[in-house]
Every structure is written in C-alpha cells, then in structure tokens.
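Engineer: Got a structure here, written out as structure tokens. Questions coming.
The values are calculated or read from the model by the stated rules, or taken from the named source; none is laboratory data. As the structure is a prediction and not an experimental result, all values here were calculated from the model. Heads up, the Cβs are rebuilt from the backbone with ideal geometry, glycines too, and the neighbour counts pull from every protein chain shown.
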Amino acid sequence: MLSSMLKEHQLKQIKKREEIEQKRNVAIASSVKFTSQMVHHLNEGVAQTYLNQRKLDNETKQLYTNIEHFSRQTNQWLTLMNSFNDSLKQLGDVENWAKVIENDMREISSILEYVYKTPTTTTTTTTTTSTQPNSK
C-alpha cells in the first residue's frame with residue numbers, strides 16, 4: 001500500500017511537472033509573441049519617424065533652393081527697377097533740358113523779332129550802348 005501510494009504520488013508529481021512545464025512553455029511562447037509584437041510596433045513608429053524626418057529634410061532642401069532662386073530673381077527685379085528708374089530720371093532730365101532749350105529759343109526768337117521790328121536807329125543805339133565798356 002505504501003508503495004502504491006508512493007507511485008501514485010510520483011505520478012501526480014510527474015503530471016504536475018508536465019503541466020507546469022506546458023504552462024511555462026505557453027507563458028514563454030506568449031511572452032515571445034508579446035515581445036515580438038511590441039518590437040514590431042515600436043519599429044513601425046521608428047520607421048515612420050525616420051521617413052518623416054527624411055521628408056522634412058528633402059522639403060527643407062527644396063525650400064532652401066526655392067529661397068535662393070527667389071532671392072536671385074528679386075535681385076534681378078531690383079536691378080531692372082533701378083535701371084528703369086534711372087532711365088525715367090534721364091528722360092525727365094531730357095524733358096527738362098528740352099523745356100529750357102525751348103524757353104531759351106523763345107526768348108531769342110522774341111528778342112530777334114523785337115530787333116527786326118524796331119527801326120534801325122534803335123538798333124544802333126542798342127549796339128552803341130552794348131559796346132560801351134562796363135563801369136563796374
């Protein structure tokens with residue numbers, strides 16, 4: 001009887017060990033699966049972050065290129081506008097010069113008309129007056 005109880009007890013212990021071993025294997029498999037899924041989930045986040053960073057770097061480079069292009073274009077426009085402004089100033093100077101010349105020509109014309117319309121005695125008087133030395 002004692003030996004049968006001992007055998008029974010040993011069988012129960014073996015079954016319990018097998019049960020514990022199975023449960024341990026199940027727990028290890030579950031923890032491996034959980035760890036694998038967590039790593040996969042974290043890697044997805046890291047991969048997405050890396051892709052976003054690469055996109056941002058590319059967009060930054062493109063933005064820098066666009067800024068350089070717009071800066072050159074703006075400088076060209078400024079040069080063009082300054083040239084246009086200088087041309088307008090020169091045109092204004094030419095217009096002013098033409099008005100001055102026109103006024104001078106009118107004045108000369110009116111003087112010449114006056115000289116030719118007046119009798120010759122006035123002309124000689126004017127001539128003699130103008131040829132006298134200045135008393136300054």
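Engineer: Could you tell me whether any residue of segment 81-101 is of a type in the set (Val, Ile, Thr), surrounded by 10 or more Cβ atoms within 10 Å (Cβ to Cβ), modelled with pLDDT of 95 or more and assigned to a helix (DSSP H, G or I)?
Structural biologist: no
Engineer: Something else about it: Please verify whether segment 109-120 includes one or more residues that are in a helix (DSSP H, G or I) and touching a helix residue (DSSP H, G or I) at 6+ places or on another chain (Cβ under 7 Å).
Structural biologist: Among the residues of segment 109-120, at least one is in a helix (DSSP H, G or I) and touching a helix residue (DSSP H, G or I) at 6+ places or on another chain (Cβ under 7 Å), which makes the answer yes.
Engineer: Taking segment 56-102 on its own, how many of its residues are of a type outside the set (A, V, I, L, M, F, W, C) and over 13 Å from the mean Cα position of the chain (by Cα)?
Structural biologist: Here the count works out to 17.
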